[in-house]
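Heads up, the thing below is written out as structure tokens.
The values are calculated or read from the model by the stated rules, or taken from the named source; none is laboratory data. Nothing here was measured: the structure is a model prediction, and the numbers come from that model. Cβ coordinates were reconstructed from backbone atoms using ideal geometry, including for glycine residues, and neighbour counts include every protein chain displayed.
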């Protein structure tokens, strides 16, 4: 047989680009894309119905809860002498034939209750239209849909339409006339609503103010609905002042408006598509004066993201709408109207199940499990996302736990997946978000991906979307510093090597040690589990059947989850594991050392770009968290605001294929279907850095910055900070955030009061930019080092008794050679007094903290459950959440996990601070310098001293055996931060370099 010719790379690129265009413009509402079998509950409409809305006049829309009746009760009849009397209601109401009576009707449907106001003429108009509809159904038109409708009506015998008795005109002069007419109209409406043929007709639904969004359980209570005329424009989009978006040039459009507890929705009646979502916020307000609305009978609705103007048919109509919207929102959405603590958009939420994560292993595993439990929606936003990343390791089930496989599997089940990626400046960053977007879009039409910002149209070149969020069904939200990207997965061992094995025998090959037990590395037979292509890993050897159970061996050493293979698999299949090179923890691009070499060719994910046999990887230390319920709703609300803003901002996303997102109501937030195991109850508040360019809001928010300063100022005993940067101590010229100042003031206060107070700061020893530090590091590294190092100075002679700066470093043996590397601290965390914790994506620098620059999300946790602990030798009631997180971090970085003699319980005692923390950091740093002569070092204060320092060989070259003995004295990973490194050198970018052309704000 002739072998089929394989497509060329260029052909594949063309096909990929074509498929991306098709996926971007595909309206999934018009497709049957195999959403799986949806459970039909007659008493509840699922939230997924918001993505399946159809035109108001089309048949088949699910509006009502079919098992429950809908009833009407006329509460009162309003009659006035003049138009103004309608809004100055008194008990004495006189009669006027010129002003017809208005019937105030209470509607009930299940747990939903709402009010409508109708005149006599509205009843007459509805009755006439329903008679016409009934007549129309008798005509045998040659249309399949019409024939089906006639057949259904005939079968159900519902042609007998209730009669509407003639009234005595709209004046209703006497009370008995009013009472009689009230009963007649109430009976008529209730009879009508018992007949599905008429109840489901669009004119009836418009009469009683209902739509496809009215009774969706997760959207909360039902508010006012109806047809309105809305004016175009009013969006707060930076730099946009074109036709349709200014006050001088606009158009009016007919829309169906739905009012919910925390948002308003505009829908297009002809298609049923949602055309705009207005989120209620702290500046929400209603104005009805002509000078405010600039139109007759207008209502103006203000929020942070838009000024929306509506027009109505009469003064009465406009006033009724304005007042009803305002009353409803203030009754049900009052929490969204307040300016919350720290200036946050979100309120403090009580008793929230919460969990922290140290390093990516458990975080990614819990993310994978939560994604599997999604039923309706998945929201993901990252600074960088790698679709091929494995979330559970080592790989024991083929591609089952690869991110793209999980997302594809869930999309095929009908889950809607929305991903927002930072669109980088390609000349400055190599994260290739275009590849990530294209890869995800090709998986399934239910996956939608946006990139933002467009640098030219938005004039945003310097700032980034930096938050890292995963939200499942708006009920579970992961927030922290960990992107779902290469290099982020790590565990407490922080391994430097990951060579794996090319043997085909069943006996395991042992990998090098890295401050812990050896790692098993063996290849196994491929077991394809998923439909996504298996990766082609280099170094693939031959395979043989073996009785040696690798999975059991890995479970024994705690390296594989006990439930990682489904019970349906045979025992013979579980004796081998999925991918070639499977016990490698980091495949292809995931094995990285970005100071040695930045990522390249990300479209070839399983090709190594660093020689594992020569260069150690750079371990990654990070912190993340998960929250549930109302706090998860708040995280989702931030994502929704950003998604909807990007949809408005970028024309390519305005098609129906990219839907507007709706926030679920806080009233249903406690109905949590899935909870991450191992949670602790805490009080939680979601914080963010957001502004006009990032979220389309009028006033910027810097609640993370405010919360950090507040936590420092109010701390009693200590603060512990892990952060990727520490660029603070404001001079109001270059650096503006107040965190360093708050720390300095708190230390000075403790010094003056004669009280113990400790500050621990752990940051990376070098910034995360490519560059050889042996030759000075390059302009980017030096620029960040300039601000990092120069800000770590405090105005207190005895500051060492109060504050300690540290970094993390480890070592291993690679191909028989001793190697060392810094551990890259990417955390963004603060712990205060073992009871207050802030975890998020925000670095301690102006970019993250000021709100107008990078966009960020963080969460502040405050303990509500206490446990007995020790503080300065005294019994202390510590928070369960805060204490457990600090102990985990201290034990790991100080080596207490392997040396039980190290006591980390008391964080401020002299014994711990001086004899454990400071001594360990100094001893480790001294040993590493003696063995490896590694940089950065305080012995090198200028570029000119580099050569002399490096010319003296370390013990690892001169006396390897002695070096091994010295390294046995290392405990944990903590080393002193070399504050004097290059202190006599001007590290600002040299004139003429590309870094010098960038504004100074970029580095701070």
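Some points to look at:
- Residues that are touching a strand residue (DSSP E or B) at 6+ places or on another chain (Cβ under 8 Å), touching a residue at least 40 places away in the same chain (Cβ under 8 Å), under 23 Å from residue 264 (Cα atoms) and outside any loop (DSSP other than H, G, I, E, B) do occur in the range 676-687.
- Residues of the range 401-420 satisfying the condition of being touching a helix residue (DSSP H, G or I) at 6+ places or on another chain (Cβ under 8 Å), in a loop (DSSP other than H, G, I, E, B) and surrounded by 22 or more Cβ atoms within 10 Å (Cβ to Cβ): 401
- Number of the condition not met by residue 218 [criteria: (1) out of contact with any strand residue (DSSP E or B) (no Cβ under 6 Å at 6 or more places or on another chain); (2) assigned to a helix (DSSP H, G or I); (3) assigned by TED's automatic domain parsing to the domain that holds residue 100; (4) at pLDDT 60 or above]: (3)
- Pairs linking a residue in the range 328-356 that is more than 16 Å from residue 477 (Cβ to Cβ) to a residue that is assigned to a helix (DSSP H, G or I) and modelled with pLDDT of 95 or more, with Cβ atoms under 6 Å and 6 or more positions apart or on different chains, are 342/703; 342/706; 342/707; 343/703; 343/706.
- Given (1) in contact (Cβ under 8 Å) with a residue 60 or more places away in the chain; (2) under 30 Å from the mean Cα position of the chain (by Cα); (3) assigned to a helix (DSSP H, G or I), number of the condition residue 319 does not satisfy: (2)
- Flag for residue 123 being modelled with pLDDT of 90 or more and touching a helix residue (DSSP H, G or I) at 6+ places or on another chain (Cβ under 8 Å): yes
- Filter result for residue 100 (over 20 Å from residue 64 (Cβ atoms), in contact with a strand residue (DSSP E or B) (Cβ under 8 Å, 6 or more places away or on another chain), assigned to a loop (DSSP other than H, G, I, E, B) and at pLDDT 55 or above): yes
- All of 905, 898 fail the test of being at pLDDT 95 or above, surrounded by fewer than 22 Cβ atoms within 10 Å (Cβ to Cβ) and either in a loop (DSSP other than H, G, I, E, B) or in the same structural domain as residue 452 (by TED's automatic domain parsing) (or both), apart from 905.
- Residue in the range 83-96 that is outside any helix (DSSP H, G or I), modelled with pLDDT under 90, touching a helix residue (DSSP H, G or I) at 6+ places or on another chain (Cβ under 7 Å) and assigned by TED's automatic domain parsing to the domain that holds residue 202 present: yes
- Only listed residue being surrounded by fewer than 24 Cβ atoms within 10 Å (Cβ to Cβ) and at pLDDT below 95, chosen from 694, 655: 655
- Residue satisfying all of: in the range 945-976; in contact with a helix residue (DSSP H, G or I) (Cβ under 8 Å, 6 or more places away or on another chain) and in a loop (DSSP other than H, G, I, E, B); modelled with the lowest pLDDT among these: 954
- Flag for residue 270 being in a loop (DSSP other than H, G, I, E, B), in contact with a helix residue (DSSP H, G or I) (Cβ under 7 Å, 6 or more places away or on another chain), assigned by TED's automatic domain parsing to the domain that holds residue 301 and modelled with pLDDT under 95: no
- Screening residue 921 against (1) farther than 24 Å from residue 817 by Cβ; (2) outside any helix (DSSP H, G or I) leaves a single unmet condition, (2).
- Of all the listed residues (880, 891), the sole one being closer than 23 Å to residue 756 by Cβ and surrounded by 15 or more Cβ atoms within 10 Å (Cβ to Cβ) is 891.
- Near pairs, Cβ below 7 angstrom, 6+ apart or cross-chain, from the range 615-643 (free of Cβ contacts under 8 Å to residues at least 40 places away in the same chain) to any residue that is surrounded by fewer than 24 Cβ atoms within 10 Å (Cβ to Cβ): 615/593; 615/596
- The set of residues from the range 947-982 being within 43 Å of the chain's Cα centre (by Cα) and free of Cβ contacts under 8 Å to residues at least 24 places away in the same chain comprises just one member, 968.
- Every residue from the range 588-601 that is surrounded by fewer than 20 Cβ atoms within 10 Å (Cβ to Cβ) and in contact with a helix residue (DSSP H, G or I) (Cβ under 9 Å, 6 or more places away or on another chain): 600, 601
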